[in-house]
1. Rolling a 1.4 angstrom probe over the protein chains, ignoring ligands and nucleic acids, what is the accessible area of Met186 in square angstrom, nearest 10?
2. Just give me a number: lysine pairs in the chain, eight or more positions apart or cross-chain, with C-alpha atoms less than 26 Å apart.
3. Over the chain, how many percent of alpha carbon pairs lie in each 10 Å bin up to the one with the longest distance?
4. With all protein chains present and a 1.4 Å probe, how do Phe290, Phe256, Phe250, Phe107 order by accessible area, largest first?
5. State the Cα centre-to-centre distance between the range 45-102 and the range 155-175 in whole Å.
6. Helix 188-206: angle to the longest alpha-carbon principal axis of the chain, degrees 0 to 90, nearest 10?
7. Kindly sort Glu284, Glu33 by accessible area of their heavy atoms, largest first, with the probe set to 1.4 Å.
8. Summarise the accessible area of the chain (1.4 Å probe, protein heavy atoms) by the percent that is carbon and sulfur.
Amino acid sequence: MKDPSTSSRIPGFYRKTLAERLERLTHAGQLGEASRAHLADGGALPVAVADRMIENVVAVHGLPLGVALNFRVDQRDVLVPMAVEEPSVVAAASNAARMVRFSGGFFTESTASVMTTQVQLDGVADAESAPERIEGARDALLAAADAAVPGLVRRGGGCRGLETRVIDADDGLVVVHLYVDVCDAMGANLVDTVAEAVAPSVHALLGGTPGLRILSNLPLGRMTTVRCDVSADALGGAELADGIVRASRFAEKDAFRAVTHNKGIMNGIDAVALALGQDWRSIEAGAHGFAALKPGGYGPLATWQRSHTGIAGTLTLPLAVATVGGSTGVHPGVRAGLELVGAASAQELAGVVASAGLASNLAALRALAGDGIQKGHMRLHARKQAGPALSERSQP
Ligand code: MEV
């Protein structure tokens with residue numbers, strides 16, 4: 001049983017051996033015995049399991065799995081597993097989370113897990129009247145959608161609405177969106193099922209030529225926001241606070257910078273997503289798609305303002321993450337990661353993933369506004385070159 005008072009602050013964690021680190025995580029009930037044994041054995045995915053997951057398997061591919069420390073998310077201490085090949089991502093996120101912790105940690109809000117799925121028709125005659133025609137059949141369409149996913153409806157999910165978009169009236173290109181609450185699943189299969197089930201009725205109502213029936217990876221009904229405050233003292237001074245705000249403004253004004261700024265955010269988000277067996281390609285696609293919807297064109301997902309005591313940061317993005325389904329049930333390493341995080345719902349998990357993103361952004365901007373990124377990078381790079389015997393002196 002996980003001890004809810006367990007701290008994510010584990011001083012000297014980096015100095016311990018791998019076995020001691022696992023022992024420490026197991027100690028307060030943060031890892032069950034099966035997960036501990038799996039990780040102690042190297043944490044590799046058994047090749048027999050891999051063979052059932054994808055096609056033409058020849059082996060399994062490994063990545064380092066680390067644990068970011070110091071995270072406090074919505075008043076709860078959380079250990080954050082990260083799978084990533086880039087040195088300094090785990091240390092940077094842990095460092096930033098420590099600064100944020102002094103001001104109470106990260107605070108998150110997530111909408112319900114409402115995915116968008118699309119049904120396309122071309123050559124619809126009188127396309128402008130399509131929304132009205134679909135509206136007239138709304139209840140029947142929603143009922144057909146729910147009937148396609150009875151298990152989801154039993155779990156409290158189901159189709160919450162629909163919308164008709166006339167994308168090109170001249171070509172009769174009309175798309176019907178269905179909005180489906182997928183609860184704690186990622187939901188791709190569920191909403192693809194819904195789109196395929198409803199498409200014949202949509203076609204019968206609108207005519208034209210049937211087209212695609214597939215989810216959109218821009219789920220604007222599945223948004224997560226995370227906020228945090230950091231004092232200038234924790235950052236290392238008012239100059240660094242100003243520098244971070246200037247860096248944020250740079251990203252708000254320049255797409256070339258915004259892409260790199262967002263890459264720094266995704267360093268954290270992707271690493272956690274990978275460790276937890278999430279569909280990180282869909283998260284990436286959604287994040288950059290959302291960034292492109294900003295009023296002035298592609299912009300930063302996270303921004304920073306000056307506050308009374310230091311800086312305040314906010315990150316908002318669509319985040320389709322799951323605590324059930326996909327590889328969460330089959331991959332023992334993923335199960336161990338989810339155990340560590342201890343999120344009770346997809347929304348709670350999204351809050352943790354987003355916090356890792358905001359922490360990674362903070363760490364990058366603080367380094368860039370201070371000594372530059374290379375100093376820390378090169379220190380950790382040197383460690384890599386030196387081989388495994390060198391202790392992790394440079395980490396928090
Ligand atoms: C490197 O992986 C990420 C950064 O380039 C992000 C940024 O510039 O904000 C340091």
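The values are calculated or read from the model by the stated rules, or taken from the named source; none is laboratory data. In this text the structure is predicted, and so the values were computed from the model without any measurement. All Cβ positions, even for glycine, are placed from backbone atoms using ideal geometry, and neighbour counts span all protein chains on display. For accessibility, only protein heavy atoms count, side chains too; no ligands or nucleic acids. Shrake-Rupley method; radii C 1.70, N 1.55, O 1.52, S 1.80 Å.
1. Probe radius 1.4 Å; accessible area of Met186 about 30 Å².
2. Close lysine pairs found across the chain: 9.
3. The percentages, shortest bin first, are 5, 21, 28, 24, 14, 7, 1, 0.
4. Most to least solvent-accessible, the answer reads Phe256, Phe250, Phe107, Phe290.
5. Between the Cα centres of the range 45-102 and the range 155-175 lies a distance of 37 Å.
6. Once rounded, the angle reads 20 degrees.
7. Heavy-atom accessible area, descending, gives Glu33, Glu284.
8. Heavy-atom surface of the chain belonging to carbon and sulfur, 1.4 Å probe: 55 percent.
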